[in-house]
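> Can you read through this structure? Questions will come right after.
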Amino acid sequence: MNLSRLNGWLLGLSLPLMAHAATPVPSARLVPAASEVTFTAKQIGVPLDGRFKRFDAQVALDPKQPQTGKVSFSIDLGSVSVGPETDGELIKPEWFNAAKFPKATFVSTVIQPAGPARFQVTGKLMIKGQARDLVVPVALTAAGAQTVATGSFMLKRLDFKIGDGDWADTSVVANEVQVRFKLTLQGLPAF
């Protein structure tokens, strides 16, 4: 086979691959009023429920080809709400240090199918300058023209220096914190 014929053959093989790679991944828009991020911590064995009032998500996902997708998420740590007596404390340096670290972020690195309308989203969670790998199970549910993504995961607060100093005592505040989310998305393709 001569060189020009080989080059033509290779180009012919690569064009469909390049066209596939250039296909844009559909983006969805977060509907904040229909979304929530909540958590449960335990203080002296008693569950303490809280939520974040402000957060944002960028989701580019084709549920039929999840490996091409990307998810990034940010939470305004100053928007934490557990109750009037606690909210002012949680933004202080010992806890979230919201003045120095205003956002917690998650950026996906891999999205894999995990069953019908279910995915494993692997990525990096960053809180207070501390980054940790995280795998988040996500389920999608159709809700009219919208899609609801739900899931939960456990994190260890001390991995992120949440509750420094005297608050590092896990007999007072447990190390494990259960995080739950419901993200309502507009514009995600059918699955």
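The values are calculated or read from the model by the stated rules, or taken from the named source; none is laboratory data. Just so we're clear, the structure is a prediction, and the values are computed from it rather than from any experiment. Cβ: placed from backbone, ideal geometry, glycine included. Neighbour counts: every protein chain shown.
> Need pairs with beta-carbon distance below 6 Å; first residue within 24 Å of Leu185 (Cα to Cα) and within the range 26-44, second of a type outside the set (Asp, Glu) and in a loop (DSSP other than H, G, I, E, B); sequence gap 6+ or separate chains.
Here the result reads Pro26/Pro189; Ala28/Gly187; Ala28/Leu188; Arg29/Gly187, each pair linking the range 26-44 to a residue that is of a type outside the set (Asp, Glu) and in a loop (DSSP other than H, G, I, E, B).
> If you scan the range 84-104, which residues turn out to be within 15 Å of Asp164 (Cα to Cα) and in contact with a helix residue (DSSP H, G or I) (Cβ under 7 Å, 6 or more places away or on another chain)?
Within the range 84-104, Ile91, Glu94, Trp95, Phe96, Ala98, Phe101 meet the criteria.
> Scanning for something within 15 Å of Asp62 (Cα to Cα), in contact with a Pro (Cβ under 9 Å, 6 or more places away or on another chain) and not aromatic (Phe, Trp, Tyr), does the range 130-138 turn up at least one residue?
Keep residues of the range 130-138 that are within 15 Å of Asp62 (Cα to Cα), which gives 138.
Subset that is in contact with a Pro (Cβ under 9 Å, 6 or more places away or on another chain): none.
So far as the range 130-138 goes, no, none of its residues is within 15 Å of Asp62 (Cα to Cα), in contact with a Pro (Cβ under 9 Å, 6 or more places away or on another chain) and not aromatic (Phe, Trp, Tyr).
> For residues that are surrounded by 15 or more Cβ atoms within 10 Å (Cβ to Cβ) and over 30 Å from Ala190 (Cβ atoms), tally how many sit in the range 98-116.
5
> Another question about this same structure. Please go through the range 156-174 and pick out each residue that is among the hydroxyl-bearing types (Ser, Thr, Tyr) and either closer than 14 Å to Leu90 by Cβ or in contact with a helix residue (DSSP H, G or I) (Cβ under 8 Å, 6 or more places away or on another chain) (or both).
Initial filter on the range 156-174 (among the hydroxyl-bearing types (Ser, Thr, Tyr)): 170-171.
Correct list: Thr170 only.
> If you take the residues in the range 172-189 that are in a loop (DSSP other than H, G, I, E, B) and touching a residue at least 60 places away in the same chain (Cβ under 8 Å), which one is farthest from the chain's Cα centre (by Cα)? Write out each step before concluding.
Taking the range 172-189 and keeping what is in a loop (DSSP other than H, G, I, E, B), we get 172, 174-175, 187-189.
Next cut, touching a residue at least 60 places away in the same chain (Cβ under 8 Å) only: 172, 174, 187-189.
On the way: Val172: 28, Ala174: 23, Gly187: 18, Leu188: 16, Pro189: 19 Å.
Applying the filter and picking the extreme gives Val172.
> Say we look at the range 65-76 and pick out the residues that are polar (S, T, N, Q) and touching a strand residue (DSSP E or B) at 6+ places or on another chain (Cβ under 7 Å); which of these is surrounded by the most Cβ atoms within 10 Å (Cβ to Cβ)? I'd like the intermediate steps shown before the answer.
Our first condition is that a residue be polar (S, T, N, Q); within the range 65-76, this holds for 65, 67-68, 72, 74.
Next, only the ones that are touching a strand residue (DSSP E or B) at 6+ places or on another chain (Cβ under 7 Å) stay: 67, 72, 74.
On the way: Gln67: 10, Ser72: 14, Ser74: 17.
Among them, the one singled out is Ser74.
> Looking at the range 77-93, which of its residues are buried (at least 16 other Cβ atoms within 10 Å of the Cβ) and not hydroxyl-bearing (Ser, Thr, Tyr)?
Narrowing the range 77-93 to residues buried (at least 16 other Cβ atoms within 10 Å of the Cβ): 77-80, 82, 90-91.
Residues satisfying the conditions are Leu77, Gly78, Val80, Val82, Leu90, Ile91.
> Give just the number: which of (1) surrounded by 18 or more Cβ atoms within 10 Å (Cβ to Cβ); (2) farther than 28 Å from Asp166 by Cα; (3) at pLDDT 95 or above; (4) out of contact with any helix residue (DSSP H, G or I) (no Cβ under 7 Å at 6 or more places or on another chain) does Phe119 not satisfy?
All conditions are met except number (4).
> Considering only residues that are small (Gly, Ala, Ser) and in contact (Cβ under 8 Å) with a residue 60 or more places away in the chain, look in the range 120-170 and name the one that is nearest to Ile44 (Cα to Cα).
Result: Gly163.
> Consider Lys182 against the criteria (1) among the basic types (Lys, Arg); (2) out of contact with any Phe, Trp or Tyr (no Cβ under 9 Å at 6 or more places or on another chain); (3) over 25 Å from Lys64 (Cα atoms): it satisfies all of them except one. Which criterion is unmet?
So the condition that Lys182 fails would be (3).
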